[in-house]
Amino acid sequence: MKYSVLFIGIILIAAALIAGCSQQQVAINAPGVIKIGVIVSLTGPASNVGTNMWQSAQVAADKINADGGVTLKDGSKAQLKLIVGDDESTQQGGQKAATKLITDDKVDILVGGYSSAVTSAYEQTIAEYKVPYIVTGASSPIITHRTDIDTSYIFHHCPTTDTYGQYTTMFIDQVVRPAVNKKLGASADRPFRLALLYQDTAFGKGIQTAVNNTITKNNLKIQLVSQQSFKMGESDFRTQLTAIKATTPDAVYLGAFPNEGAPIITQARRDIGLNTIFLNAENNDNAQFYKDIGQYGEGAVIESRYSPYTAPVGAVAEAQNAFKQSYFTRFGTYPDMMGASTYEGVFIASKAIGNAGTTDKATVRQALVGLKMPQVIEAMNGQTISFSSDFRESTFDLWMEQLSFNATLGETRPAIVWPDNLKTTDFILPSWYVAGSSS
């Protein structure tokens, strides 16, 4: 009889311990740990940007932990632990990284994602395990717009290619087209001759689609004279550039990663003699891009929302400078735009968990749905980070930069040229610029 009583006692103690462990998993008690999985490209064609994203996440976690960690509703604190997953710039690598972070490392929330093609490949895993994921780099709207799987746990903290293409195309129409027509002495109604060279992925095709749609929707006087594609990670673009040059464009808009954009522009100007304005998506606002492009980047334009080398006058400038200095102190270089949004992604994850008061994934998701927090280092619409009710997208304030060559540095540096309320200088056509045909 006494053994039966002892056995029952052991069962009750074990049950209490299990219940206690379960409760500790749901409601973090100090000194607790929040595990954030960071999915980035540490190897492969996107490793330049992916490394920057991972390093930026570390700077964010260091700052949050140094300030005491995440404050929960009950006033207790929890420290952040980052666990990196290398997607290897491939769909298979992304699937492997996401699965390991979720099933082996048992992270509480995910941040990161760069290539749209890679990120979309493992979204089914996110849907299956219902892990909140703050995407800070993959820019195709398909990330949260797709209907073949449940994307309700995915939140998009990055402007989409729809926004890139629309914003840059309107800049071309309002600023570049009048400047070219003035140079040619042409009628103000002369159609602008635009060529597209884009990565043959969801990212590049998204930009191509957005440009075409913006021209049609707004009945813009822009003629697409060439639309060329390339495979992600290619390094020789002379065939496409030769075909583009034959169409005599006024400008070329690139849907490319930094490791592709820099050689495209270099080969175009150095080897093909295509002396035109090259417009770039925001992911190219990257310290390595400025090094790689050198003198050939003179006059190029980048749509941006954060730059390692400039900032709009206003509320975010001081916060950006502090982030840049912290990053430089640790890594000896400056963070890029995808790094900036990933830095913010760690703050967003921390705020959501703090608001939820738990790491329970459904509760954290709900906290992200209702999130309204002050902007961190990037200028946000209304100076607030929140996610739209339809596709869970945040909204940034964007600008256009033009690059000028600094002979002392041996690199180009950006200055904001549009819109008027943010610009620090005017857009110009370089002296070497060659416009398309005057007709």
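Summary of values
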item	result
Two-site label geometry, His145 and Glu318: point separation in nm, points 7 Å out along Cα→Cβ	3.9
Largest to smallest principal axis extent of the C-alpha atoms in the range 224-324, angstrom	46, 24, 23
Value of relative contact order over the range 372-439, rounded to a whole percent, pairs C-alpha under 8 Å and six or more apart	18
Most to least packed among 308-316, 128-136 [average Cβ atoms within 10 Å]	128-136, 308-316
Average Cα contact separation per residue, the chain, under 8 Å, 6 or more apart, as relative contact order %	17
Rg(Cα)/(2.2 N^0.38 Å) for the range 25-141, N = residue count	1.08
Cα-based Rg and Dmax for the range 157-245, where Dmax is the largest Cα-Cα distance (Å)	14.1, 43
Highest average packing first - 215-222, 260-267, Cβ atoms within 10 Å	260-267, 215-222
Additional length obtainable on full extension of the chain from Asn421 to Asn275, 0.36 nm per residue less Cα span	49.6 nm
Highest-fluctuation residue, Ala188, Ala97, Ala256 considered, GNM on the chain with Cα pairs under 10 Å	Ala188
Estimated inter-spin distance, Ala362 and Glu128, nm [label 7 Å along Cα→Cβ]	2.1
Largest-first principal axis extents of the Cα set of the chain (Å)	104, 41, 36
Under 5 Å, built H, 5+ apart or other chain: amide partners of Gln228	Leu196, Leu197, Tyr198
Karplus 3J(HN,Hα) series, Hz, for the range 105-115 with 6.51 cos²θ - 1.76 cosθ + 1.60 (x for Gly, Pro)	7, 6, 5, 7, 7, 10, 9, x, x, 10, 5
Exposure proxy ranking, count of Cβ atoms within 10 Å, fewest first, for Phe237, Phe405	Phe405, Phe237
Helical segments meeting 30 Å axial Cα length and Kyte-Doolittle 0.5 threshold in the chain (DSSP H)	2-26
Cα-derived Rg over Rh, computed across the range 125-275 with Rh taken as Kirkwood radius	1.05
Amide proton proximity set for Val84, modelled H, under 5 Å, gap of 5+	Val38
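Read the figures in this text as sums done on the coordinates, not as results from a lab. In this text the structure is predicted, and so the values were computed from the model without any measurement. Methodologically, a virtual Cβ is constructed for each residue, glycine included, from the backbone with ideal geometry; neighbour enumeration extends over all protein chains shown.
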